[in-house]
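Participant: Dropping the structure in here first, questions after.
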Amino acid sequence: MRTVVVGAGLAGLVAADELTRGGVEVVVLEARPRVGGRVWSERLPNGAIVEMGAEFILPGNTDIRELVDRFGLELWDKGMRYGRRDPRGGTGTTHEELAAAVDAAERALAARAGASSPRVSARQFLDQLDIPAGAREAILARVEISSANSAEHVAAAELAGVAHIDDEPAPSIAGGNQRLPLALADSLGSAVRLASPVTAVEWGERVRVLTPGGELDADACVIAVPASVMDRIAFDPPLPTALADPLGQITYGHAAKLFVPLRHPSEPSAVMNVPERYWSWTATGEAGRPQPVVSAFAGSERALEALAVATGPERWLDSLAELRGDLQLDSGGALLSTWADDPWVRAAYSTSPPAAVTEALEEPTGPLAFAGEHTAGPYAALMEGAIRSGRRAARSLMRRAHA
């Protein structure tokens with residue numbers, strides 16, 4: 001059995017790894033000149049390591065931890081807590097008031113769990129709750145930042161995940177999250193081919209994959225690219241409606257990250273700018289020492305437009321300096337990471353993918369299997385989701401081969 005994997009992000013690399021371990025011959029084609037997709041790390045001139053893309057390993061993310069252990073990698077705790085952010089600006093709220101409002105929202109969600117009711121957005125749901133206006137505004141900010149989209153597009157059911165307040169660690173991989181895709185690629189060796197964008201997939205009983213440099217014949221194919229760029233691949237015949245329609249319904253968020261070196265390292269912290277829809281944090285790295293950098297993440301198109309991200313970091317830097325007067329910023333060394341201008345994703349990550357997506361992709365369509373965080377149901381938008389989806393796609397093809 002020979003399989004072509006399209007995409008060398010975490011989903012594609014994990015699918016290739018799973019197939020290889022199952023005795024399948026694999027070729028991985030990646031459009032970019034690097035592996036990792038939306039997982040890539042950089043080292044600033046002052047030594048700080050930052051995550052240009054995906055960053056946090058959340059509680060319950062077990063598959064990524066298994067891979068970290070398998071490749072002998074370690075985790076950095078970070079010191080700060082993903083689930084606890086100090087809200088600043090806007091109408092205003094207190095930590096106690098906000099915690100009570102989040103608790104009320106989670107209890108209301110639990111009460112309606114399992115009820116056969118129409119899908120409700122996070123905004124609609126929060127507007128119906130009897131909670132203080134300032135707390136509602138802060139929860140909406142948290143939702144829109146974490147989901148990288150406006151609350152109208154976020155399912156209310158996701159509030160318990162994206163707005164939950166807790167003190168659970170949410171680490172990253174020591175030395176940078178990209179060390180994991182690099183380790184996977186290294187184990188695959190010459191099977192990984194970079195700068196090899198796939199332009200077409202011809203499929204029937206078998207598969208033919210076309211690239212500018214040639215074509216490959218295979219028994220099966222894993223498509224591990226975001227749905228936002230699926231239109232860059234011509235499928236012949238076209239994907240069936242039962243598959244194409246759910247994929248076409250996926251909404252993607254938009255996000256940007258800003259990294260500013262610090263003249264002096266600062267203790268771990270997490271502060272959220274409520275009206276401008278971004279949060280900032282300082283964190284520990286190697287040996288639990290604070291890294292000399294402040295990171296910031298803005299989510300939703302409206303937030304990026306308000307911060308004038310398209311023109312550079314200047315407007316955001318001014319806002320960050322006002323928000324974080326406790327830090328000594330070295331603004332001249334600021335680094336901006338935007339995702340929408342990456343032609344191989346055009347966005348950040350999926351927003352509340354409908355259940356029909358997971359159902360449609362659970363099993364292969366002929367010789368084609370699909371992977372990616374957008375296919376991972378409750379783990380969508382996470383590195384964990386990408387990993388689980390890659391394993392699911394690979395195993396489904398191997399089951400098909402042995403049927």
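The values are calculated or read from the model by the stated rules, or taken from the named source; none is laboratory data. Remember, predicted model here, so these are calculated numbers, not experimental data. Backbone-built Cβ (ideal geometry, glycine too); neighbour counts: all protein chains shown. Side chains included, ligands, DNA and RNA excluded: accessible areas come from the protein's heavy atoms. Shrake-Rupley method; radii C 1.70, N 1.55, O 1.52, S 1.80 Å.
Participant: With the checklist (1) over 21 Å from residue 225 (Cβ atoms); (2) open to solvent by 20 Å² or more (accessible area, probe 1.4 Å) in hand, flag the one item residue 80 doesn't pass.
Facilitator: (2)
Participant: What number of residues within segment 121-139 are open to solvent by 10 Å² or more (accessible area, probe 1.4 Å) and under 28 Å from residue 346 (Cβ atoms)?
Facilitator: Of the residues in segment 121-139, 3 are open to solvent by 10 Å² or more (accessible area, probe 1.4 Å) and under 28 Å from residue 346 (Cβ atoms).
Participant: Let me ask something additional. Among helices (runs of 4 or more DSSP H) lying entirely in segment 290-403, which contain 3 or more residues that are among the acidic types (Asp, Glu) and more than 14 Å from the chain's Cα centre (by Cα)?
Facilitator: Fully inside segment 290-403 and qualifying: 314-323.
Participant: Select, from 294, 357, the only residue that is free of Cβ contacts under 8 Å to residues at least 60 places away in the same chain, crowded, with 20+ Cβ neighbours inside 10 Å and either on the phi > 0 side of the Ramachandran plot or touching a Leu at 6+ places or on another chain (Cβ under 8 Å) (or both).
Facilitator: 294
Participant: Before we move on, is residue 106 open to solvent by 20 Å² or more (accessible area, probe 1.4 Å) and assigned to a helix (DSSP H, G or I)?
Facilitator: Here the answer is yes, as residue 106 does meet what is asked.
Participant: Hey, could you check segment 23-46 for residues that are among the hydrophobic types (A, V, I, L, M, F, W, C) and within 25 Å of the chain's Cα centre (by Cα) and say which is surrounded by the fewest Cβ atoms within 10 Å (Cβ to Cβ)?
Facilitator: Only one residue fits best here, namely 44.
Participant: Under the condition of being charged (D, E, K, R) and buried (at least 18 other Cβ atoms within 10 Å of the Cβ), which residue from segment 144-178 is nearest to residue 39 (Cα to Cα)?
Facilitator: Only one residue fits best here, namely 144.
Participant: Which condition number does residue 249 fail, the rest of (1) modelled with pLDDT under 95; (2) buried (at least 23 other Cβ atoms within 10 Å of the Cβ) being met?
Facilitator: (2)
Participant: If you don't mind, another one. Which residues, counting only those in segment 298-327, are out of contact with any helix residue (DSSP H, G or I) (no Cβ under 6 Å at 6 or more places or on another chain), surrounded by 15 or more Cβ atoms within 10 Å (Cβ to Cβ) and among the polar types (S, T, N, Q)?
Facilitator: Within segment 298-327, 319 is the sole residue that qualifies.
Participant: Shifting gears a bit: Within segment 204-218, track down each residue that is open to solvent by 50 Å² or more (accessible area, probe 1.4 Å) and in a strand (DSSP E or B).
Facilitator: If the condition is that a residue be open to solvent by 50 Å² or more (accessible area, probe 1.4 Å) and in a strand (DSSP E or B), then 208, 215, 217 are the ones that fit.
Participant: Something else about it: If we scan segment 330-339, do we find a residue that is within 21 Å of residue 35 (Cα to Cα), in contact with a helix residue (DSSP H, G or I) (Cβ under 8 Å, 6 or more places away or on another chain) and open to solvent by 40 Å² or more (accessible area, probe 1.4 Å)?
Facilitator: Looking for residues that are within 21 Å of residue 35 (Cα to Cα), in contact with a helix residue (DSSP H, G or I) (Cβ under 8 Å, 6 or more places away or on another chain) and open to solvent by 40 Å² or more (accessible area, probe 1.4 Å), one finds at least one in segment 330-339, hence yes.
Participant: What's the total number of residues in segment 24-57 that are farther than 15 Å from residue 191 by Cα and among the β-branched types (Val, Ile, Thr)?
Facilitator: Number satisfying all stated conditions: 4.
Participant: So, one more: Output yes when any residue across segment 272-282 is more than 27 Å from residue 242 (Cα to Cα), β-branched (Val, Ile, Thr) and in contact with a helix residue (DSSP H, G or I) (Cβ under 6 Å, 6 or more places away or on another chain), and no when none is.
Facilitator: Yes: one or more hits.
Participant: Being at pLDDT 95 or above and open to solvent by less than 50 Å² (accessible area, probe 1.4 Å) is the filter; apply it to segment 343-354 and report the residue that is nearest to residue 197 (Cα to Cα).
Facilitator: So, considering only residues that are at pLDDT 95 or above and open to solvent by less than 50 Å² (accessible area, probe 1.4 Å), the one nearest to residue 197 (Cα to Cα) is 345.
Participant: Looking for something among the aromatic types (Phe, Trp, Tyr) and under 19 Å from residue 378 (Cβ atoms) - is there at least one such residue anywhere in segment 59-81?
Facilitator: No; the residues of segment 59-81 include none that is among the aromatic types (Phe, Trp, Tyr) and under 19 Å from residue 378 (Cβ atoms).
Participant: Also: Can you tell me how many residues in segment 219-246 are crowded, with 17+ Cβ neighbours inside 10 Å and in a loop (DSSP other than H, G, I, E, B)?
Facilitator: So the count comes out to 6.
Participant: Right, next: Restricting to segment 352-398, name every residue that is basic (Lys, Arg) and in contact with a Gly (Cβ under 6 Å, 6 or more places away or on another chain).
Facilitator: The answer is none; no residue qualifies.
Participant: Would you call residue 81 within 30 Å of residue 213 (Cα to Cα), of a type in the set (Lys, Arg) and either assigned to a helix (DSSP H, G or I) or out of contact with any Pro (no Cβ under 6 Å at 6 or more places or on another chain) (or both)?
Facilitator: no
Participant: Here's something else I'd like to know. Pick from 67, 19, 73: which is out of contact with any strand residue (DSSP E or B) (no Cβ under 6 Å at 6 or more places or on another chain), open to solvent by less than 40 Å² (accessible area, probe 1.4 Å) and either over 26 Å from residue 275 (Cα atoms) or not polar (S, T, N, Q) (or both)?
Facilitator: Result: 67 is the single residue among 67, 19, 73 that is out of contact with any strand residue (DSSP E or B) (no Cβ under 6 Å at 6 or more places or on another chain), open to solvent by less than 40 Å² (accessible area, probe 1.4 Å) and either over 26 Å from residue 275 (Cα atoms) or not polar (S, T, N, Q) (or both).
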